[in-house]
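To start, the structure itself, in structure tokens.
The numbers here are math on the coordinates, done by the rules we state, and not lab data. Since this is a predicted model, take the numbers as computed values, not measurements. So basically every Cβ, Gly included, is an ideal-geometry build from the backbone, and we count neighbours across all protein chains shown.
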Amino acid sequence: MPHSSTVNILPILDLKPTDLSCIYTMLLFVRDQVKKLNTAPSVTFDQPLYIKAVDICIAETVVL
């Protein structure tokens, strides 16, 4: 029997997506939600945003 899934609408960040503070805020939000829900995250980026997100994670030691 397959597991059931849910889709939830999350808050919208009214920031420029390429802004480092926007990416950082989103990463922290995801990290907090993962801890709260005890689940594994699935975050997708296009390549330029992925590179920025990885740079932020390395610089700030944000662990998802």
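Is there any pair linking a residue in segment 19-35 that is free of Cβ contacts under 8 Å to residues at least 24 places away in the same chain to one that is surrounded by fewer than 13 Cβ atoms within 10 Å (Cβ to Cβ) and basic (K, R), with Cβ under 9 Å and at least six apart or on different chains, and which?
Between residues of segment 19-35 that are free of Cβ contacts under 8 Å to residues at least 24 places away in the same chain and residues that are surrounded by fewer than 13 Cβ atoms within 10 Å (Cβ to Cβ) and basic (K, R), the close pairs are C22/K16.
Out of (1) within 18 Å of A59 (Cα to Cα); (2) in contact with a helix residue (DSSP H, G or I) (Cβ under 8 Å, 6 or more places away or on another chain), the odd one out for T25 is which?
It is condition (2) that T25 fails.
I need a count of the residues in segment 19-35 that are among the charged types (D, E, K, R), part of a helix (DSSP H, G or I) and loosely packed, with under 13 Cβ neighbours inside 10 Å.
Looking only at that region, the number is 2.
What is the one condition in (1) surrounded by 13 or more Cβ atoms within 10 Å (Cβ to Cβ); (2) in contact (Cβ under 8 Å) with a residue 12 or more places away in the chain that E60 does not satisfy?
Only one criterion is unmet by E60, namely (1).
Quick test for you: out of P41, P2, P11, pick the one residue that is assigned to a loop (DSSP other than H, G, I, E, B), in contact with a helix residue (DSSP H, G or I) (Cβ under 6 Å, 6 or more places away or on another chain), without any contact (Cβ under 8 Å) to a residue 40 or more places away in the chain and exposed (fewer than 13 other Cβ atoms within 10 Å of the Cβ).
After ruling out the rest, the residue left standing is P41.
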